[in-house]
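> First the structure, then my questions, so here it is.
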Amino acid sequence: MNLSSTEAVILIGIMALCTFLTRALPFMLFPARRGLPAFVVELGGSLPCAVIGMLIVYCLKDVSFSSPPYGAPEAVSLAVVILLYLAAKNSLLAIAAGTALYVVLV
Amino acid sequence: MNKNLAALKAAFPFTLPVLAGYIFMGAAFGMLLQSRGWGVFWVLGMSLFIYAGSLQFVAVGILAGGFRPVEAVLIALMVNARHIFYGLPLLGEFGGMGKERAYMIFSLTDETFSLLCSVKPPVGAEKNSFYFCIAALNHFYWITGSLAGFFAGAAVEMKLKGLDFVMTALFTVIFLKQWERGAGRKPALLGVGAGIVCRCVFGAQWFIIPAMGLILLVLTLARFFSARGEKA
């Protein structure tokens, strides 16, 4: 923990407020049922997909591929998550098994 | 009171699928935050007031990264951008609600949204109370899961290394689900690509804002050019 409690409270408050803002925005902007600008609708479809892709990279940002173990635990655990999800179609099982394996590996 | 109890009884069975997911992911969050040395009130506060699964996992990293409020704003807005569209089909539904309306908007997570869009109040349950109970039950499961995870982690008393992989696994599964639906495969790849490029160029600490900028830029340009192509 590098943060003071006040700083942490501020950051959490900011994130809570921004989350509420995203949820409240349509109710603030469109009190009556009116059409949304086409660009906003399209962005609503594509932005979440892009952000999830970027978040995967964000999660792996500190992995070093140039020094041992060359990201091997991450690669193996990620492969287990993917294969298990595709085979069993069970999100929680895939997440739990992949994480457990990773904890064992590192 | 009786009316509310009836609504609660009517709402509960519909929330059972969310119960399992929220207890599990909430527990993973609580355990993760505990393993980073944060106390129980931080876990409670975040699950109570932020109440957004993906963002709370990312927040664990933000809180470890130093005091960067601008980054917190941008990440919170981008990670939750999808919520902007959840309100639209519910504008009418929430229109008639009184004091519960603000809470309904606050608690509009992915799971609550999909429940509210798919279930109809059974006969005998008052609509507004029924919707409110669905939202409140889900929120309650998330908080309960977070606290359970915190206490489980504290009881084991060993700081499990590598627990943050739960976040990687979560986003990977969401990614796969989106991929299977066939919607937004190009943006999904764009997100991964922009992330990798900016991670290499800007380094691990500072890449997230440039990556988000790049994503928005490419999506805007793609839209601009496809619109021009249609006109020509």
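> Looking at chain B, do any whole DSSP H helices span at least 20 angstrom along their long axis by alpha carbon and average -1.0 or above on Kyte-Doolittle, and which?
Helices meeting the criterion: B:2-35, B:127-156, B:165-181, B:185-202, B:208-231.
> Calculate the spin-label point distance for A:LEU3 paired with A:SER67, positioning each point 7 Å from the Cα along the beta-carbon direction, and give it in nanometres.
2.7 nm
> Test of understanding: what is the full-extension gain from B:LYS120 to B:ARG101, defined as 0.36 nm times their sequence separation minus their Cα-Cα distance?
So the extension gain works out to 5.1 nm.
> Using Cα pairs closer than 8 Å and at least 6 residues apart in sequence, work out the relative contact order for chain B, in percent.
34 percent
> Cut-off under 14 Å on the C-alpha distance; same-chain residues fewer than 8 positions from B:LYS186 excluded. Which aspartates and glutamates are left, in chain and number order?
A:GLU42
> Applying 1/(1 + (r/R0)^6) with R0 = 35 Å to the Cβ-Cβ distance of B:TRP179 and B:LYS9, what FRET efficiency is obtained, to the nearest 0.05? Can you show the working numbers first?
Details: r = 39 Å, r/R0 = 1.11.
The calculated FRET efficiency here is 0.35.
> Still on this model: Do the sum for the protein assembly as shown: with -39,500 (n - 2.57) for every DSSP H run of n ≥ 4, divided by all residues, what is the mean residue ellipticity at 222 nm, to the nearest 500 deg cm²/dmol?
-25500 deg cm²/dmol
> Give me the Debye-computed log₁₀ of I(q)/I(0) at q = 0.19, 0.20 Å⁻¹ for segment B:1-103, equal point scatterers on Cα only, no solvent, two decimals.
-1.16, -1.20
> Among B:MET167, B:MET25, B:MET212, which one shows the biggest mean-square fluctuation in a GNM of chain B, springs joining Cα atoms closer than 10 Å?
Of B:MET167, B:MET25, B:MET212, the most mobile in the Gaussian network model is B:MET212.
> If I model chain A as equal point scatterers sitting on the Cα atoms and use the Debye formula, what is log10 I(q)/I(0) at q = 0.11, 0.21, 0.22 Å⁻¹?
Per q value, in the given order, log10 I(q)/I(0) is -0.65, -1.11, -1.13.
> Given bins 10 angstrom wide, list per bin the percent of all Cα-Cα distances in segment B:1-59, short to long.
In order of increasing distance, the bins hold 20, 40, 26, 13, 1 percent.
> Could you tell me what % of all Cα pairs in chain B have separations over 34 Å?
Numbers: 6648 of 26796 pairs.
Summing the P(r) tail past 34 Å for chain B gives 25 percent.
> How many angstrom lie between the Cα centre of segment A:53-99 and the Cα centre of segment B:167-232?
What the calculation gives is 19 Å, centre to centre.
> For peptide B:24-36, compute the average count of partner chain beta-carbon atoms within 10 Å of each residue's beta-carbon.
1
> For chain A, take the longest principal axis of its alpha carbons; what is the angle in degrees between that and the long axis of helix A:38-59, to the nearest 10 within 0 to 90?
For A:38-59 against chain A, the angle is about 30 degrees.
> Dipole magnitude of chain A about its Cα centre, charges +1 at Lys/Arg Cβ and -1 at Asp/Glu Cβ only, in debye to the nearest 20?
440 debye
> With the contact rule set at Cα under 8 Å and sequence spacing of 6 or more, what percent relative contact order holds for chain A?
This gives 15 percent for chain A.
> Can I ask one more? Given the convex hull over the Cα atoms of the protein assembly as shown, what projected area results after averaging over all orientations, in nm²?
Taking a quarter of the hull surface, the average projection is 19.2 nm².
> Rounded to two decimal places and with Rh computed the Kirkwood way over Cα pairs, what is Rg over Rh for segment B:57-137?
Numbers: Rg = 15.9 Å, Rh = 14.5 Å.
My calculation of the ratio gives 1.10.
> With each label point set 7 Å from Cα along the Cα-Cβ vector, what nm distance links A:VAL104 and A:VAL40?
5.0 nm
> Ok, one more. Along the positive direction of the dipole of chain A (beta-carbon charges: Lys, Arg +1; Asp, Glu -1; about the Cα centre), which of A:CYS59, A:LEU86, A:VAL76 reaches farthest?
A:LEU86
> Can you put B:ASP164, B:ASP110 in order, fewest other beta carbons within 10 Å first? The partial results should precede the final answer.
On the way: B:ASP164 21, B:ASP110 17.
Sorted ascending by nearby Cβ count, the order is B:ASP110, B:ASP164.
No lab work stands behind these numbers, since they all come straight from the coordinates. Model, not experiment: these values are computed from the prediction. With ideal geometry, Cβ positions are generated from the backbone for all residues, glycine too; neighbour counts draw on all protein chains shown.
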